[in-house]
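The values are calculated or read from the model by the stated rules, or taken from the named source; none is laboratory data. Note that the structure is a prediction, hence the values are computed from the model and not measured. In this analysis, Cβ positions are derived from the backbone assuming ideal geometry, glycine residues included, and neighbour counts consider all displayed protein chains. SASA here: full protein model, heavy atoms, side chains in, ligands and nucleic acids out. Shrake-Rupley method; radii C 1.70, N 1.55, O 1.52, S 1.80 Å.
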Amino acid sequence: KNQVEQSPQSLIILEGKNCTLQCNYTVSPFSNLRWYKQDTGRGPVSLTIMTFSENTKSNGRYTATLDADTKQSSLHITASQLSDSASYICVVSVDNDMRFGAGTRLTVKP
Amino acid sequence: NAGVTQTPKFQVLKTGQSMTLQCAQDMNHNSMYWYRQDPGMGLRLIYYSASEGTTDKGEVPNGYNVSRLNKREFSLRLESAAPSQTSVYFCASSEKRVNQPQHFGDGTRLSIL
């Protein structure tokens with residue numbers, strides 16, 4: 001069983017709407033939790049990195065939250081744009097290892 | 001500002017053929033990584049190099065070899081390609097292994113027939 005589970009697998013929203021992507025993990029303790037954006041045909045690009053002591057981190061319209069007690073993280077996207085269409089990957093770092101989620105595929109439609 | 005450059009972008013091989021995937025970074029990073037990405041699965045680490053001259057196995061190293069040629073370059077070699085190695089391969093680099101963002105290349109799409 002993957003130690004990093006993301007939901008939903010895919011999501012379709014209308015341009016301008018907000019959305020929230022979920023990441024549940026079982027690994028503990030961990031060094032940091034990251035969110036990456038991966039455009040089709042490209043490599044992942046880092047959005048946020050949070051240590052276990054942080055509970056929120058923003059990058060423009062992207063806000064990541066972390067609840068270490070429930071082992072959940074979420075990525076909130078505000079006022080979505082067509083360019084937000086991509087896969088979003090949650091990564092949990094344990095010591096020197098990184099455990100990748102399978103990603104959520106977001107499609108933003110006009 | 002190239003970042004991480006991977007070559008080739010696409011490749012088709014026959015079972016049993018060998019090839020080397022090339023990766024170079026221009027950010028003076030110490031750590032470099034090779035991942036594979038398969039549909040419905042998270043990226044999986046094949047090999048990594050924490051610094052020039054060192055390499056270590058990751059989660060799925062079987063069937064692969066690596067060379068950290070210098071600080072900039074980290075190559076991945078398939079000695080005898082198998083259909084199970086059909087995947088998208090990503091190279092990444094970071095300043096250190098822990099608590100630093102990784103910078104990824106745009107991948108090599110490899111098909112083995």
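Just to be sure I understand the model, the point goes 7 Å from the Cα along the line to the Cβ. What's the resulting residue B:14 to residue A:3 distance in nm?
Result for the modelled spin labels: 4.2 nm.
To the nearest Å, what is the center-to-center distance of the stretch A:6-20 and the stretch A:34-110, using C-alpha atoms only?
Centre-to-centre distance over Cα atoms comes out at 13 Å.
Measuring from label point to label point, each 7 Å out along Cα→Cβ, what is the residue A:67 to residue A:94 span in nm?
Each label point is offset 7 Å from its Cα along the Cβ direction, giving 2.2 nm.
Per q in 0.15, 0.16, 0.28 1/Å, what log10 I(q)/I(0) does a Debye calculation on the alpha-carbon atoms of the stretch B:55-113 return?
-0.53, -0.60, -1.41
Using the charge dipole of chain A (Lys, Arg: +1 at Cβ; Asp, Glu: -1 at Cβ; taken about the Cα centre), state which of A:79, A:33, A:60 has its Cα farthest towards the positive end.
Looking along the dipole axis, the top candidate is A:79.
Quick one: work out the % antiparallel among DSSP beta bridges in the protein assembly as shown, nearest 5.
90
What does the structure give for B:45-52 when I average, per residue, the other chain Cβ atoms found within 10 Å of the residue Cβ?
Counting other chains' Cβ atoms within 10 Å and averaging over B:45-52 gives 1.
Calculate how many DSSP beta bridges within chain A are antiparallel, expressed in % of all such bridges and rounded to the nearest 5.
Around 90 percent antiparallel, to the nearest 5.
If you count only protein heavy atoms with a 1.4 Å probe, what accessible area per residue comes out for chain B, rounded to a whole Å²?
Ligands and nucleic acids excluded, the figure is 47 Å² per residue.
How would A:26, A:107 line up by accessible area, probe 1.4 Å, largest first?
The most accessible residue leads, giving A:26, A:107.
How large, in percent, is the carbon and sulfur part of the accessible surface of chain A at a probe radius of 1.4 Å?
48
Using a 1.4 angstrom probe with every protein chain in place, what is the largest-first accessible-area order of B:29, A:76?
Result, largest first: A:76, B:29.
What is the Cα convex hull volume of the protein assembly as shown when expressed per residue in Å³?
122
At most 15 other Cβ atoms within 10 Å and a DSSP loop assignment: could you name the trypsin sites (Lys or Arg not before Pro) in the stretch A:46-79 that fit?
A:61
For chain A, report the translational diffusion coefficient in µm²/s to the nearest whole number, using Stokes-Einstein at 37 °C, 0.692 mPa s, and a Kirkwood Rh over Cα pairs.
Estimated via Stokes-Einstein, D reaches 237 µm²/s.
Buried accessible area for the A:B pair, summed, 1.4 Å probe, in Å² rounded to 100?
Approximately 1500 Å², summed over both chains.
Alpha carbon centre of the stretch B:1-56 versus the stretch B:60-113: separation in Å?
2
Protein chains only, probe 1.4 Å: how do A:50, A:98 rank by accessible area, largest first?
From most exposed to least exposed: A:98, A:50.
So in the stretch B:26-98, what percent of DSSP beta bridges are antiparallel if you round to the nearest 5?
That works out to approximately 100 percent antiparallel.
Per 0.36 nm of contour for each residue apart, how much would the distance between residue A:12 and residue A:53 grow if the chain were fully extended, relative to their Cα-Cα spacing?
Length difference between fully extended and current span is 11.5 nm.
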